[in-house]
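Q: Below is the structure I would like to discuss, written out as structure tokens.
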Amino acid sequence: MPGIDNVGAAFKAFMGSISHERKAIISTLNNGFEGWLKLEFYTWLIQAYDLDYTAAHYHDRDAGMEYTIDLDQRFAAIDRTTKQCDLWVRDGETSKYHYIELKAPFANTNQGKLMQSAADDYWYMSRLKASTELVATGSAIVFGVGFSDNANVAAAQNTHVDSWQKHIDYVRSYSGLSTELTLSDESEHKAIKWAVLTHRY
């Protein structure tokens, strides 16, 4: 059955591919590219895993963009019934699906707000209604520009920039549930960091 087994591994492979093909674009990212990244990842998944995205019946497709998924109302803090996710991809081993949200924060004065939005997204993605939506995993991909892994370096460069690791630790802990974490390699791009946080159902 066409599909992926692991969102973090798939995104890592995607970044390896796009770093080669779109290196000039990635090195100059400044703002407003979240939609571009979503479309690039979606089309790459289709090609890399030979996914069917054109089946007449929506649920016969292997991948899609923009899907409204039910939330598990058993969690006391749930304040809505559904959550819109950016992407969904069939699991390669089961008849279930991986649901994915993307966030692209910058290391600027709005970083706290953007990281909180990423934390909120992952909180919801770890509380999907697995019984009705055939959920394999819920993930948040956080793609950051201008962050440093070193808190001291970050502070020296810009007093309002927290370290990337501090932000990701916060997003991870905010969900309060088990998380698989896949991180970018130092060798990829100095100005770009990414993390895939996944809750397995």
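The values are calculated or read from the model by the stated rules, or taken from the named source; none is laboratory data. A quick note: this is a predicted structure, and the numbers were derived from the prediction, not measured. As a convention, Cβ positions derive from the backbone with ideal geometry for all residues, glycine included, and neighbour counts pool all protein chains shown. Please note that ligands, DNA and RNA were not included when accessible areas were found on the heavy atoms of the full protein model with its side chains. Shrake-Rupley method; radii C 1.70, N 1.55, O 1.52, S 1.80 Å.
Q: Sort out which residues of region 111-148 are out of contact with any helix residue (DSSP H, G or I) (no Cβ under 7 Å at 6 or more places or on another chain), under 24 Å from Met15 (Cβ atoms) and assigned to a loop (DSSP other than H, G, I, E, B), and write them in order of number.
A: Gly146
Q: Turning to a different aspect of this structure: Within region 97-107, is even one residue among the small types (Gly, Ala, Ser) and either without any contact (Cβ under 8 Å) to a residue 60 or more places away in the chain or farther than 19 Å from Asp169 by Cα (or both)?
A: yes
Q: What number of residues in region 68-126 are open to solvent by 40 Å² or more (accessible area, probe 1.4 Å) and aliphatic (A, V, I, L, M)?
A: Result for region 68-126: 3.
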